[in-house]
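Inspection log for the structure reproduced underneath, given as structure tokens.
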Amino acid sequence: MRPSPMAARAASGCSSAALAFFRLRPLGRAARLAPAGRSAFGATAACRGRLVDSVLQELRSRRRVRVSARIGLQGTKELSDSKIEKKTIQKGLLLEFHKDSERSLLAVVERPDGKKNWVVTDQNGILSSIKPQQVTYVVPGTMDFDCSRIAEFLEKAQDLLDPSILECAWLELSEKDKSVTVEEFADIVYGSKESLESYCAHFLLSRDIVYFVKVESRGSSIYQPRPSAQVDELLRRKLAKEAADKELEEFVHLLKSAKALPLGSKPPKNSWLMEEKVKQKIESLQAYAVDVCNDEQRRMAGNILKAMGFARTSSAALKLLINVGYFPVHVNLDLFRYDVQTTYTEKVLSVAEELLVDCPDSDKHARKDLSNLRVYAIDVDEADELDDALSATRLPDGRIKVWIHVADPTCFLQPRSILDREAMHRGTSIFLPTATFPMFPERLAMNAMSLQQGTDCRSVSVSVILHPDGSIAEYSIENSVIKPTYMLTYEGATELLYMNLEEEEDLRILQEAASIRAQWRRSQGSIDTAMIEPRIKVANPDDPEPNINLYVEDQTNPAMQLVSEMMILCGEAVAAFGSDNNIPLPYRGHPQSNTAVSAFAYLPEGPARSVANISVLRAAEMDFRKPVAHGVLGIPGYVQFTSPIRRYVDLLAHYQVKASLRGESPPYSAGDLEGMTFIASMHVKVARKLHSNSLRYWLLEYLRRQPKGRKHRALILKFNKDRMATLLLVDVGIQVTTVVTAGKVGDEVSVVVEMVHPRDDILSVTEIAQDTE
């Protein structure tokens with residue numbers, strides 16, 4: 001028999017699988033090829049003809065095998081007068097319902113459940129109560145259907161469910177612009193409206209997202225063929241989705257493979273970033289874990305987590321990234337959350353290397369040789385950027401003269417240069433327990449700019465002669481060359497002070513100067529804010545169990561007090577220099593509290609009194625034209641000057657002072673300084689947040705590793721409400737809140753750690769009874 005016009009159209013536009021349903025043979029190659037430059041749909045449309053009624057009759061007769069009759073179903077004629085046609089539900093009907101947002105199941109109605117609901121047995125044999133609005137289709141001709149035969153029904157349906165049939169039907173119906181019901185569609189494609197064929201037609205149409213659109217007409221569902229342009233666009237989207245689904249499947253396979261590998265064999269982080277499609281997905285997971293993702297990243301990460309069987313949460317994304325080896329166990333998410341720049345551009349590094357080669361010094365001929373002085377550089381033992389050192393001597397009249405030597409990075413830099421702008425947008429060096437991110441490129445900051453033991457170093461030296469009461473008698477600021485004699489830790493310097501060696505007379509003079517300065521500042525109303533401060537260094541932080549070295553520093557330590565007093569003295573002298581020479585500088589001030597210093601004299605000296613003093617402080621102030629009183633420090637003016645390698649605002653002060661020493665106008669006006677200080681300060685706030693969060697995380701990790709039940713000394717700092725108190729764990733340096741049964745502010749109690757979760761920032765302690773004799 002010759003192919004009918006419908007056969008020609010089917011052969012031209014439908015798959016061979018679809019053709020099998022029409023019992024047709026594909027035409028030859030010539031009949032299927034489309035003219036060059038035309039779309040598949042255009043080629044198909046060009047082959048369209050008219051459907052011959054006799055062919056339809058033939059197709060119907062071939063397909064009308066009445067499969068439903070073989071499994072004991074009623075015909076549609078017998079059903080025409082039943083309540084099914086009126087969309088009612090009754091016992092024994094086979095229907096489809098929405099189990100949840102993603103699943104539809106077949107079920108047989110068992111009995112009513114209340115006024116509106118129905119109890120059904122689904123295809124899995126499970127009883128459920130469903131609402132009428134959950135029902136998506138009532139299968140016609142299924143009165144008194146046996147639920148045990150649902151599986152057989154579905155198996156037979158599988159033979160008829162070929163989605164490519166939709167395209168062939170769409171070609172025919174769109175040509176006639178004809179809408180159809182489910183049963184009419186079944187009659188067209190299967191030649192039958194029986195139960196099985198009608199259900200298969202419903203199944204195909206209800207899940208189709210390309211060729212047909214469902215519309216409501218007088219309470220019944222009608223399916224309308226979409227316009228060709230819309231079908232083209234939907235097909236394009238469908239193909240794109242299929243490609244994306246395949247990419248997702250491949251990526252999930254990569255994740256599962258990496259997750260299954262032992263810890264030491266997991267792929268390195270950079271291997272996930274080599275291929276763009278993989279990089280895009282892993283970075284979406286990272287952004288989701290950090291909770292800084294855009295809508296597309298959130299969607300992509302959610303799909304990945306779902307495919308992996310994880311909950312769609314940031315903690316689940318973090319866990320997955322750790323499990324595949326992309327992140328170490330103790331990854332610092334704040335580095336990503338705050339978009340911290342931990343590297344430098346090639347341009348910045350190139351400029352830094354040029355400076356290291358040339359080593360320019362614009363003040364070479366104006367430097368005073370102070371290399372004969374005994375110079376003490378005192379800092380923490382792991383300090384990389386050494387930017388200040390001290391000297392002292394006793395003058396013939398008995399007064400003390402001290403020098404605060406500060407590294408001179410501005411001899412390498414020009415205001416508004418590439419390196420200067422880079423430093424401004426970083427604001428400060430970032431010091432974490434696991435790493436240091438310097439404000440300048442590392443080789444420049446830690447070598448050329450830093451003070452080096454036994455080496456001639458460029459510096460700016462602030463010298464001060466003190467009155468016997470500790471106030472400033474004279475001061476001067478000059479460019480200098482020094483040769484640091486000692487590089488000491490605070491612990492080493494304290495030990496030298498206790499040894500009271502005759503040959504270290506200069507160090508004893510520095511301690512004496514610090515002592516009389518502290519007394520003078522107290523007489524001017526300074527406030528004690530010294531605390532116990534923890535410091536942690538973590539070796540091999542990428543290991544699951546890295547080494548944690550904890551240091552608890554008491555700021556009343558003699559060496560720490562010595563250095564602190566000299567830094568304050570330097571800041572006061574620079575403020576006086578700015579005032580005397582009318583130089584715009586970042587002057588810092590702090591109004592005195594309305595509460596008298598003596599108000600907390602009843603508290604013991606130390607952290608408890610410091611916390612009370614800090615609680616009543618007023619907001620700090622800045623001025624860029626003239627000094628403002630610093631009530632907390634007890635001095636008339638203050639400029640931070642001693643850390644120009646670490647703090648950009650200190651560097652600004654150096655630019656201004658150095659220009660004045662050369663007899664030049666300052667490079668920046670007060671307005672310029674205010675704007676640049678604001679920019680730098682925003683980054684300083686982020687750096688402080690990074691430091692405090694990271695420090696607390698590692699303190700909690702340190703506590704997590706301690707033996708369960710270990711007793712800790714705790715100092716009561718304050719009471720928040722009733723007996724709920726803020727405590728300071730003295731041996732760790734961390735604060736925690738808990739209920740104490742007895743004691744007052746400043747007293748010690750004993751506690752044990754009950755629970756600690758570093759990642760969730762959870763620390764819980766409980767007071768225990770003091771040991772008694």
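On a 0 to 90° scale, report how tilted helix 314-323 is relative to the longest principal axis of the chain, with both axes built from alpha carbons and the result rounded to the nearest 10.
80 degrees
Report the calculated FRET efficiency for residue 757 and residue 425 (r = Cβ-Cβ distance, R0 = 25 Å), to the nearest 0.05.
Using R0 = 25 Å, I get an efficiency of 0.10.
Ranked by accessible surface with a 1.4 Å probe, highest first, in what order do 531, 682, 274 come?
On the way: 531 20, 682 95, 274 160 Å².
Largest accessible area first, the list is 274, 682, 531.
For region 317-375, with every protein chain kept in place, what is the accessible area per residue (1.4 Å probe, Å²)?
Spelled out: the 1.4 Å probe surface of region 317-375, per residue, equals 56 Å².
Taking the 0 to 90 degree range and rounding to the nearest ten, how far is the long axis of helix 53-63 tilted relative to the main principal axis of the chain, both from C-alpha atoms?
The angle comes out near 80 degrees.
Determine the share of the chain's accessible area contributed by carbon and sulfur atoms, expressed in whole percent, with a 1.4 angstrom probe. Each step should come with its number before you reach the end.
On the way: 18930 of 38190 Å².
Carbon with sulfur: 50 percent of the solvent-accessible area.
Where nothing but the Cβ of Lys and Arg (+1) and of Asp and Glu (-1) is charged, how large is the charge dipole of the chain around its Cα centre, in debye to the nearest 20? Could the numbers behind the result be given before it?
Values: 97 positive and 102 negative charges, 989 e Å.
Roughly 4760 debye for the chain.
Report the label-to-label distance for residue 228 and residue 456 in nanometres (one decimal), using points 7 Å from each Cα along the Cα→Cβ vector.
About 8.8 nm separates the two model spin labels.
Residue farthest toward the positive end of the dipole of the chain, with Cβ of Lys/Arg at +1 and Asp/Glu at -1: which of 497, 552, 128?
Most positive-ward Cα: 128.
Once Lys and Arg get +1 and Asp and Glu get -1 on their Cβ, which of 200, 190, 92 lies farthest toward the positive end of the dipole of region 81-228?
92
If you take the charge dipole of region 371-412 about its Cα centre, with +1 on Lys and Arg Cβ and -1 on Asp and Glu Cβ, which of 392, 410, 375 is farthest toward its positive end?
Value: 392.
Spin-label point model (7 Å from Cα, Cβ direction): what's the residue 710 to residue 682 distance in nm?
The two pseudo-label positions are separated by 4.2 nm.
Rolling a 1.4 angstrom probe over the protein chains, ignoring ligands and nucleic acids, what is the accessible area of residue 98 in square angstrom, nearest 10?
90 Å²
Can you give me the distance in nm between label points at residue 594 and residue 394, each placed 7 Å from the Cα along the Cα-to-Cβ direction?
So the two model labels end up 4.8 nm from each other.
Note down the magnitude of the dipole of region 395-438 about its Cα centre, charges +1 on Lys and Arg C-beta and -1 on Asp and Glu C-beta and zero elsewhere, to the nearest 20 debye. Working shown, then result.
Working: 5 positive and 4 negative charges, 15 e Å.
Dipole about the Cα centre, nearest 20: 80 debye.
Given a 1.4 Å probe and the protein chains all in place, what does the accessible area of residue 738 round to, in Å² to the nearest 10?
20 Å²
Looking only at the chain, where both bridge partners belong to it, what percent of the DSSP beta bridges are antiparallel (to the nearest 5)?
Just about 95 percent of them are antiparallel.
With every protein chain left in place and a probe of 1.4 Å, what is the accessible surface of residue 755, to the nearest 10 Å²?
90 Å²
Using DSSP to call loops (not H, G, I, E or B), can you name the GluC sites (Glu not before Pro) in region 269-343 whose Cβ has at most 15 other Cβ atoms within 10 angstrom? Don't jump to the answer; show the numbers that get you there.
Values: sites: 275, 276, 283, 296; in loops: 275.
Sites meeting the loop and neighbour criteria: 275.
Mean separation of Cα pairs under 8 Å and 6+ residues apart, divided by the residue count of region 637-773: what relative contact order is that in percent? Display every interim value, and only then the final one.
Numbers: 184 pairs, mean separation 22.6, N = 137.
After rounding, I find 17 percent.
State the Kirkwood hydrodynamic radius of region 535-649 in Å, one decimal place, computed from all pairs of distinct Cα atoms.
Values: mean 1/r = 0.0592 Å⁻¹.
Roughly 16.9 Å, rounded to one decimal.
To the nearest 0.05, how large is the calculated FRET efficiency for residue 152 and residue 259 if R₀ is 51 Å and r is the Cβ-Cβ distance? Could the numbers behind the result be given before it?
Working: r = 41 Å, r/R0 = 0.80.
The computed FRET efficiency comes out at 0.80.
Leaving ligands, DNA and RNA out of it, rank 146, 397, 731, 334 by accessible area with a 1.4 Å probe, largest first.
Working: 146 75, 397 95, 731 50, 334 15 Å².
Largest to smallest exposure gives the sequence 397, 146, 731, 334.
Using the Cα centre as the reference, give the magnitude of the dipole from point charges on the C-beta atoms of region 635-717 (Lys, Arg: +1; Asp, Glu: -1; all else neutral), rounded to the nearest 20 debye. Kindly include the intermediate steps, with their values, before the conclusion.
Values: 14 positive and 5 negative charges, 216 e Å.
Computed charge dipole of region 635-717: roughly 1040 debye.
How do 101, 461, 681 rank by accessible surface area computed with a 1.4 Å probe, from largest to smallest? Write down the numbers at each step before the final one.
Details: 101 120, 461 0, 681 40 Å².
The ordering from most to least exposed comes out as 101, 681, 461.
When the label point is put 7 Å from the Cα of residue 554 along its Cα-to-beta-carbon vector, which residues of region 599-620 have a backbone N closer than 16 Å?
Within reach of a label on residue 554, which here means backbone N under 16 Å from a point 7 Å along Cα→Cβ, region 599-620 contributes 604-610.
Given a 1.4 angstrom probe, what's the average accessible area per residue across region 649-773, in square angstrom?
Numbers: 6230 Å² over 125 residues.
I get 50 Å² per residue for this part.
Express in nm, to one decimal, how much length is gained between residue 724 and residue 113 on full extension, taking 0.36 nm for each residue of separation and deducting their alpha carbon distance.
Details: separation 611, 0.36 × 611 = 219.96 nm, distance 5.43 nm.
So the extension gain works out to 214.5 nm.
With respect to the cross-link table entries 277/689; 347/658; 99/193; 537/689, which display a Cα-Cα separation exceeding 24 Å? Mind dumping the intermediate values first?
Details: 277/689 34 Å; 347/658 27 Å; 99/193 26 Å; 537/689 17 Å.
Distance filter (> 24 Å) returns 277/689; 347/658; 99/193.
Looking only at Cα atoms, what is the convex hull volume of the chain per residue, in Å³? List each step's numbers first, then the result.
On the way: hull volume 219.5 nm³, N = 773.
Dividing the Cα hull volume of the chain by its residues yields 284 Å³.
In deg cm²/dmol, rounded to 500, what helix-only [θ] at 222 nm does the chain give when every DSSP H run of at least 4 residues adds -39500 (n - 2.57) and the total is split over its residues? Provide the component values of the computation, followed by the final result.
Working: 24 runs with 296 residues, N = 773.
Mean residue ellipticity at 222 nm (helix-derived): -12000 deg cm²/dmol.
The values are calculated or read from the model by the stated rules, or taken from the named source; none is laboratory data. Model, not experiment: these values are computed from the prediction. Every residue, glycine among them, receives a Cβ derived from its backbone with ideal geometry; neighbour counts consider all protein chains shown. The area values use the complete protein model at the heavy-atom level, side chains included, leaving out ligands, DNA and RNA. Shrake-Rupley method; radii C 1.70, N 1.55, O 1.52, S 1.80 Å.
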